[in-house]
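Here's the structure, in structure tokens; my notes come after.
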Amino acid sequence: MARSAHAYVRGNTVKFYQWLETAKGKVPDGPPIWICGDCHVGNLGPVSDSDGNVEIEIRDLDQTVIGNPAHDLIRLALSLAMAARSSDLPGVTTALMMERIILGYTDALRTGKAVLPASEKGGAPIKMVLKEAIARKWRHLATERIEDVRPTIPLGPKFWALSSAEREEMSRLFESKEAKALAATLRKEGKEHKPEVLDAAYWMKGCSSLGRLRYAVLLAIGKSFCLIDIKEATAAAAPRSKSQPTPRNPARQVVSGAKALSPFLGERMVAANFNGRPVVIRELRPQDLKFELEQISQKQALETARFLASVVGRAHARQMDMSTRKQWISTLKKQQGKDINAPSWLWSSVVELAGSHEMAYLEHCRQFALDAS
């Protein structure tokens, strides 16, 4: 997180939730729908369906809840603002980005779909990642994730050997009706062939893996190979609606949110249990990538802000009827700023959050330097 202020914002979701607790009354209440809960730039990107079609969708649903859609909008706006800051863009760029965010989001709400196709209007950073995603094949995924195209997982710093008990549980898991149903969805052969575990390992994948179950599994379905991610689901920390409670089972919560927000991703996931813990089983596909906005121009920042906001708007819109969408657009546009064509609540929220995150980031860097010395 010390790499940049933008990286710090992506990695410190808790600070955002703490701010939301203090911001009650400052943020409009939207219709209770499934939201991402942690809607920063890195959690959006190209996602493939089971047939290889690619769309830009929300790609990480660990914090998904039925909640206030305004929270996703603020989190995205903060992430984009900090990306602009990390690219040394002037403050006026951030102000203009807020306008583009509202424009892209409300346009998607009106039509119920993303108005700006990534292939045409997403800007250079979006086009580049989308082009790479469409061109990727199994060999790219295998080389990137498991270092080889052969059907084995190399043990080492990232992948650890399973115990005999874990191997037995893994075999049982892929005999379950949930895993068989997923296999039938992922590959046509899955309707005739049961999934066969070729290899499996515990996956040490960053800090989020610590204390949680995380496994990589190489699966054979007929003559096809699949790389499967099994991840323990824990209770989301994101604020949730009290009028429409989120499912209690964390794994079912993630899958339900994915199906509502990101259909391409949701169709490749099921909820199950592993050694009594709720887990999400998901196929990883070569086309699944995330955006890394390290250095962008003002033009690229504005194009990216509008497009990504339209992606979030589409994900929200598909859960609302026309009347609800119109009412939510009206609520969003209240308190429109005199100086910028964006709601004052969005601008003030981003300014507050950017200031508090900047202070926390510098303190984090100071501590990091002390620990490293």
Inset, instruction - Taking Val217 as meeting all but one of (1) surrounded by fewer than 17 Cβ atoms within 10 Å (Cβ to Cβ); (2) in contact with a strand residue (DSSP E or B) (Cβ under 9 Å, 6 or more places away or on another chain); (3) of a type in the set (A, V, I, L, M), write down the number of the exception. - result: (1)
Inset, instruction - Determine if segment 79-91 includes at least one residue that is of a type in the set (Ser, Thr, Tyr) and closer than 20 Å to Ile102 by Cα. - result: yes
Inset, instruction - Could you grab me the full set of residues in segment 339-373 that are of a type in the set (D, E, K, R) and either touching a residue at least 60 places away in the same chain (Cβ under 8 Å) or surrounded by 15 or more Cβ atoms within 10 Å (Cβ to Cβ) (or both)? - result: Asp339, Glu352, Glu358
Inset, instruction - Assess whether Ala7 counts as being modelled with pLDDT under 85, surrounded by fewer than 23 Cβ atoms within 10 Å (Cβ to Cβ) and over 15 Å from Ala260 (Cα atoms). - result: yes
Inset, instruction - Give segment 26-64 a look and list any residue that's at pLDDT 90 or above and of a type in the set (Ser, Thr, Tyr), or say none. - result: Thr64
Inset, instruction - Would you tally the residues in segment 95-116 being part of a helix (DSSP H, G or I) and either crowded, with 24+ Cβ neighbours inside 10 Å or not hydroxyl-bearing (Ser, Thr, Tyr) (or both)? - result: 15
Legend entry - Cβ pairs under 6 Å, 6+ apart, first in segment 152-180 and loosely packed, with under 12 Cβ neighbours inside 10 Å and in a loop (DSSP other than H, G, I, E, B), second modelled with pLDDT of 90 or more and of a type in the set (Phe, Trp, Tyr): none
Inset, instruction - Might you check whether a residue that is over 17 Å from Gly355 (Cβ atoms), of a type outside the set (D, E, K, R), within 17 Å of the chain's Cα centre (by Cα) and part of a helix (DSSP H, G or I) occurs anywhere in segment 74-92? - result: yes
Inset, instruction - Tell me which residues, restricted to segment 35-68, are acidic (Asp, Glu), under 19 Å from Leu293 (Cβ atoms) and either without any contact (Cβ under 8 Å) to a residue 12 or more places away in the chain or out of contact with any Asp or Glu (no Cβ under 8 Å at 6 or more places or on another chain) (or both). - result: Glu57
Inset, instruction - Return the pairs, sorted by first residue and then second, in which the second residue is modelled with pLDDT under 85 and of a type outside the set (Gly, Ala, Ser), the first residue lies in segment 235-247 and is closer than 19 Å to Trp19 by Cα, the beta carbons are less than 6 Å apart, and the residues are 6+ apart or on different chains. - result: Arg240/Thr246
Inset, instruction - Please verify whether segment 218-236 includes one or more residues that are among the aromatic types (Phe, Trp, Tyr), modelled with pLDDT of 90 or more and closer than 16 Å to Ala183 by Cα. - result: no
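The values are calculated or read from the model by the stated rules, or taken from the named source; none is laboratory data. These numbers come from a predicted model, not from an experiment. So basically every Cβ, Gly included, is an ideal-geometry build from the backbone, and we count neighbours across all protein chains shown.
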